[in-house]
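Structure record follows, encoded as C-alpha cells.
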C-alpha cells in the first residue's frame, strides 16, 4: 500500500512526469524554515548551496522529512538516496530565470529513475516565477546547449536545443510547505520574479540505491530510506552542527566529486549515459 500517493496519483506521475501540490509542512513550520534560510542565506550560496544538507542539520532534516520521502518511495521504492539538493531563490523583482531544460543532462547516472522534490518555503506562483513544466515530455534525453547567461539560475545556463511548445506549459503553483515531484527528464523552466516577495524553494534529488554513476567517478550520496545493498555511492555523514569542521571537510570532498561528474557529462554533449 502506498504511503502518500494514491494509485491514480502514481499513474498521473507516470503519464505526465509531474505531480503537485502535495502537503508536507504546516504553514507555520514552513515560514520558520524560511526565516532560518533567510538568516543564513549569505552562508548558503555558491558551492555551499550544492548539497547544503551536508552542512546544516535543519536542511539534513528536510531532505529526510517523512512526508516527502514517503511520497518519493511510492514512486521509486523503499531504498532511497538523496543524490543532491539546492536552493533556487529569486528575490522580489529579480530578473533571474531558468531556461527550458532537463535535469539529467550532465548527471551521468545509469537510469532516468530520478525524482526531484521541489519544496516551497514561500509562495511560488506565476507572478513570483514558479516552475513551469510541459507534461509528458519525460520519455527521452534531448541535446542541450550551454549559454552561460548571467541571469540564468542554472550553473551552465543550459537549454534544450529544439523548439519547446510553451502553449502546453503548466504553472506549478505551490504554497509554503507544499512540494511538487517531477521526473528528471521532464521539460521545465521558470520566469523572473515579478512579485513583491521572494520565491524560495529547495530542490531535492532522490534516486533508488540501484542507480550508479557511469562516468568512472565514484560519488557519494545520503541514505534517507531503507538499506543500500548496492554500495554504488559512498555514504555521506549527517552534520553535527551548522558548518561543523568535519561537515565542511566531508562536503568539500563530496562536492569536488560531483563537480567532476557534471563537467564530465558536459564533455559528453549532454547525453544521459546508460
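Taking the criterion of being in contact with a strand residue (DSSP E or B) (Cβ under 8 Å, 6 or more places away or on another chain), closer than 28 Å to residue 30 by Cβ and modelled with pLDDT under 95, would at least one residue in the range 154-163 satisfy it? Steps first, please.
Our first condition is that a residue be in contact with a strand residue (DSSP E or B) (Cβ under 8 Å, 6 or more places away or on another chain); within the range 154-163, this holds for 154, 156-161.
Next, only the ones that are closer than 28 Å to residue 30 by Cβ stay: 154.
Checking the rest, the ones that are also modelled with pLDDT under 95 come to 154.
Looking through the range 154-163, at least one residue is in contact with a strand residue (DSSP E or B) (Cβ under 8 Å, 6 or more places away or on another chain), closer than 28 Å to residue 30 by Cβ and modelled with pLDDT under 95.
Being assigned to a loop (DSSP other than H, G, I, E, B) and surrounded by 21 or more Cβ atoms within 10 Å (Cβ to Cβ) is the requirement here; does residue 192 meet it? When the stated conditions are applied, residue 192 does not pass them. Checked against (1) buried (at least 20 other Cβ atoms within 10 Å of the Cβ); (2) in a loop (DSSP other than H, G, I, E, B), residue 240 passes all but condition (1).
Tell me, which strands (runs of 3 or more DSSP E) wholly within the range 79-122 include 2 or more residues that are closer than 25 Å to residue 56 by Cβ?
Values: elements: 80-90, 98-101, 115-120.
Once the strands (runs of 3 or more DSSP E) in the range 79-122 are filtered for at least 2 residues that are closer than 25 Å to residue 56 by Cβ, what remains is 80-90, 115-120.
The residues listed here are 250, 221; of these, the one that is surrounded by fewer than 22 Cβ atoms within 10 Å (Cβ to Cβ) and either in a loop (DSSP other than H, G, I, E, B) or in contact (Cβ under 8 Å) with a residue 40 or more places away in the chain (or both) is 250.
Only a single item in (1) at pLDDT 65 or above; (2) part of a loop (DSSP other than H, G, I, E, B) is not met by residue 140, and it is number (1). Screening residue 78 on (1) touching a strand residue (DSSP E or B) at 6+ places or on another chain (Cβ under 7 Å); (2) surrounded by 16 or more Cβ atoms within 10 Å (Cβ to Cβ); (3) under 25 Å from residue 112 (Cβ atoms) shows it passes everything except condition (2).
The values are calculated or read from the model by the stated rules, or taken from the named source; none is laboratory data. Owing to the predicted nature of the structure, the values given are computational and were not obtained by experimental measurement. Cβ coordinates were reconstructed from backbone atoms using ideal geometry, including for glycine residues, and neighbour counts include every protein chain displayed.
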